[in-house]
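Enquirer: To start, I am sharing the structure in question, which I have written as structure tokens.
Computed from the coordinates by the stated procedures, all read-outs in this text should not be read as laboratory data. Here the structure is a predicted model, which is why all the values come from computation and not from measurement. Because the Cβ atoms are built from the backbone with ideal geometry, glycine has one as well, and the counts that use them run over all protein chains shown.
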Amino acid sequence: MNKLLYILIAIAVIIVIAFFVMGMISKKGQALGLKEGRLQACMSTDNCVVSEVIDNQAATIEPLSFSEPKPVFIDRLTTAINSMGGRSRNI
């Protein structure tokens, strides 16, 4: 019984250490998405554009505009994204 307890404690300690190490590693990268309430600039990929004005950002587009109710627009946008093989998340 004591041997099983030691094994469970060792596994728990290893899991805690693994999460700690992964947390420290993830802090070194650059976060995607919003930073201080604004979109971040594109990385050096060809398939990235932003719809906010960012200093020295060449890959910008006009923000999407819509005249129908938001749920209808979101549904149409999701359908368009999915039809091109993309993925979308619920907002």
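Enquirer: With the crude spin-label approximation of a point 7 Å out along Cα→Cβ, what separation in nm comes out for V53 versus E68?
Expert: Each label point lies 7 Å from its Cα, and together they span 3.2 nm.
Enquirer: Rounded to the nearest 0.05, what FRET efficiency do E36 and I61 give with R0 = 22 Å and r taken as the Cβ-Cβ distance? Could you check?
Expert: Values: r = 21 Å, r/R0 = 0.97.
Given R0 = 22 Å and the Cβ-Cβ separation, E is 0.55.
Enquirer: With a point put 7 Å past each Cα toward its Cβ, work out how far I25 is from I11 in nm, to one decimal.
Expert: 2.2
Enquirer: Separate question: First measure r as the distance between the Cβ atoms of A18 and R87, then evaluate 1/(1 + (r/R0)^6) with R0 = 30 Å and state the FRET efficiency to the nearest 0.05. Please report the intermediate quantities before stating the final value.
Expert: Values: r = 28 Å, r/R0 = 0.95.
The value I calculate is 0.60.
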